[in-house]
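Okay, so here's the structure we're looking at.
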Amino acid sequence: MLNFISINKKIRNFKKTITVSGDKSLSIRWVLFSSLANGKSKAKNLLISDDTLAAIQAIKKLGIKTNYKNKEYIIYGKGINGYNYKKNLVINAQNSGTLGRLLLGLLINSKHAIKLIGDRSLSKRDFKRISDPLSKFGAKFKLNNEKKLPLTIKGVSNLNSIKYFENRGSAQCKSSVIFAGMRSNGTTYIRAKKSRNHTELLCKYLKLPIFIKKKKNYDEIKVRKAKSIKPLNYNIPSDISSSAFFIILTVLLNKSEITIKNVNVNPTRTGVITILRKMGVKIILKNLKTYKGEKVSDIYVKSPKIIKPINCPTRLNSEAIDEFLIIFLVAAKANGISYFKNLAELNQKESPRLKWGAYILNQIGIKTDTTKNSIKIYGNPKLNPKKKIIIKNYLKDHRVFMTSVIAALSFGGKWKIYDKDSIKTSFPNFLKIINKLKKND
Ligand code: S3P
């Protein structure tokens with residue numbers, strides 16, 4: 001099968017309503033929480049993608065049974081201490097930093113050494129950021145020389161609680177330490193820079209012993225040992241990170257409108273909406289409701305007449321961390337210079353995304369000034385690339401692929417984009433939805 005896509009034509013304007021797949025962060029968390037619950041948990045609209053399937057494979061290796069019936073996933077949890085730690089266990093987190101890092105917090109009292117491996121992209125990512133705090137609980141780690149995967153973790157049965165300052169705004173590190181805190185004696189104290197808070201909301205919904213004080217720039221979190229976890233039946237709302245590709249496609253076209261149904265609009269995830277509004281885009285959240293602690297709504301967007309440049313406030317960085325690649329396309333069409341800073345974390349993702357963002361913009365004829373943590377984008381509202389553009393060798397980063405497709409469909413040019421398979425990581429339906437937008441109905 002050809003693993004590239006050629007795009008030589010812009011997409012026509014549309015007025016459509018779509019639904020995107022389930023939220024990735026919530027899907028992975030549902031799998032992990034349910035694996036520790038006492039009994040049967042069910043999920044509707046679980047994201048069926050390689051990242052979530054890797055999470056399901058991981059808990060199966062730990063002795064947890066699962067089933068998929070009538071579009072519902074079922075996990076048969078065996079309680080908070082119910083994992084079966086076999087000798088010589090190898091767990092493959094594949095492409096998922098979220099799975100790899102969160103799972104380590106749950107393996108903190110494993111009886112035997114467990115090896116964690118990942119694909120080529122994950123094996124280039126930093127795991128010291130999580131082995132450091134988890135070691136303080138008492139777990140023993142062996143990492144490769146560069147402090148990356150593969151690693152082994154060997155737990156201890158009696159864990160000390162710790163004090164942990166999370167300064168990167170990493171929800172993965174924060175969540176992993178929360179999981180470990182729930183397995184250790186005493187009170188674990190976390191002072192965490194603001195980041196997505198799905199783990200905390202699920203803990204609260206499940207009435208687990210977590211206490212949170214929200215300060216202006218960080219949260220103070222206290223976690224105590226959890227005795228048991230109730231089963232968790234969950235209807236996963238749609239993913240704002242997947243929605244962002246279609247929100248921005250609409251923004252980059254003329255006279256188009258889109259409604260995306262039932263999206264998770266947790267305020268720690270909606271940086272993309274705040275940023276686009278600052279750039280002059282009209283976005284309306286309709287049917288806003290709260291579901292098990294999470295905000296959910298339909299998102300309506302209309303193409304703006306002009307796009308304003310932005311000097312992006314750094315407080316929005318964590319809220320929009322997975323959307324910057326696609327946001328950079330909006331800056332490319334703005335009538336002025338946009339500036340995004342303090343974004344070193346972007347280069348720690350599935351690929352060095354600051355670098356790839358600049359590369360895509362340069363290919364379409366947009367000037368950028370890039371440092372290791374910032375990018376200045378010289379927007380051009382009349383952008384009309386004609387040349388041949390090839391996107392390949394980007395470590396199969398799903399968001400690089402999807403961003404390139406949106407750029408091709410909205411700006412034009414003759415594109416050949418490799419590694420089409422990468423969408424299986426987070427959004428297998430992506431190209432099907434594009435085709436739906438192309439149809440006149
Ligand atoms: C995630 C946290 C973020 C984000 C990732 C999903 C999560 O990573 O980029 O896609 O579900 O906790 P960091 O924790 O590295 O910021």
Within region 294-330, find all residues whose amide N lies under 18 Å from a label point positioned 7 Å from the Cα of Lys215 along Cα-to-beta-carbon. 315
Find the centroid of the Cα atoms in region 273-325 and in region 182-225, then give the distance between the two in whole Å. 26
How many nm separate the modelled label positions at Tyr205 and Lys355, each set 7 Å beyond the Cα in the direction of the Cβ? 3.8
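Given the pairs Lys154/Lys174; Lys349/Lys372; Lys386/Lys436; Lys44/Lys111; Lys392/Lys436; Lys261/Lys295, which are separated by over 22 angstrom at their Cα positions?
Numbers: Lys154/Lys174 20 Å; Lys349/Lys372 14 Å; Lys386/Lys436 25 Å; Lys44/Lys111 33 Å; Lys392/Lys436 26 Å; Lys261/Lys295 13 Å.
Exceeds cut-off: Lys386/Lys436; Lys44/Lys111; Lys392/Lys436.
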How high is the relative contact order of the chain, in percent, with contacts defined as C-alpha pairs under 8 Å that are six or more residues apart? 17
What does the C-alpha gyration tensor say about the overall shape of region 83-145? Classify as rounded when a/c is under 1.5, otherwise prolate if a/b is larger than b/c, or oblate. oblate
When the charge dipole of region 24-234 is computed with +1 on Lys and Arg Cβ and -1 on Asp and Glu Cβ about the Cα centre, the Cα farthest towards its positive end, among Ile114, Gly169, Phe211, belongs to Phe211
Once both labels are modelled 7 Å past Cα along the beta-carbon direction, what's the Lys308-Leu431 spacing in nm? 3.9
Long-range amide H partners of Leu89 with built H, under 5 Å: Lys115
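What percent does the relative contact order of region 296-418 come to when contacts are Cα pairs within less than 8 Å and at least six residues apart?
On the way: 198 pairs, mean separation 29.4, N = 123.
Computed value for region 296-418: 24 percent relative contact order.
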Can you pull the one-decimal nm distance between simple spin-label points at Asn167 and Lys15, each 7 Å off the Cα toward Cβ? 5.3
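Going by the alpha-carbon gyration tensor, a ≥ b ≥ c the square roots of its eigenvalues, is region 107-192 rounded (a/c under 1.5) or, if a/c is not under 1.5, prolate (a/b greater than b/c) versus oblate? Spell out each step's value before the answer.
Values: a/c = 2.30, a/b = 1.26, b/c = 1.82.
Oblate is the answer for region 107-192, as a/c is 1.5 or above yet b/c matches or exceeds a/b.
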Projected onto the charge dipole of the chain (+1 at Lys/Arg Cβ, -1 at Asp/Glu Cβ, origin at the Cα centre), which of Leu103, Thr152, Ser297 gives the Cα projection farthest towards the positive end? Ser297
What does the chain give for Rg and for Dmax, in Å, if only its C-alpha atoms count? 21.5, 63
So how do 12-20, 381-389, 170-178 stack up, highest first, on mean other-Cβ count within 10 Å? 170-178, 12-20, 381-389
For region 24-234, what's the relative contact order in percent, using C-alpha pairs closer than 8 Å and at least 6 residues apart? 21
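Could you work out the mean projected area of the convex hull around the alpha carbons of region 24-234, in square nanometres to one decimal? Mind showing how you got there, number by number?
Working: hull surface 41.5 nm².
For the Cα atoms of region 24-234, the hull's average projected area reads 10.4 nm².
Each value in this text was obtained by applying a stated rule to the coordinates, not by laboratory testing. It should be emphasised that the depicted structure is a prediction, and the values quoted were computed from it without experimental measurement. Every residue, glycine among them, receives a Cβ derived from its backbone with ideal geometry; neighbour counts consider all protein chains shown.
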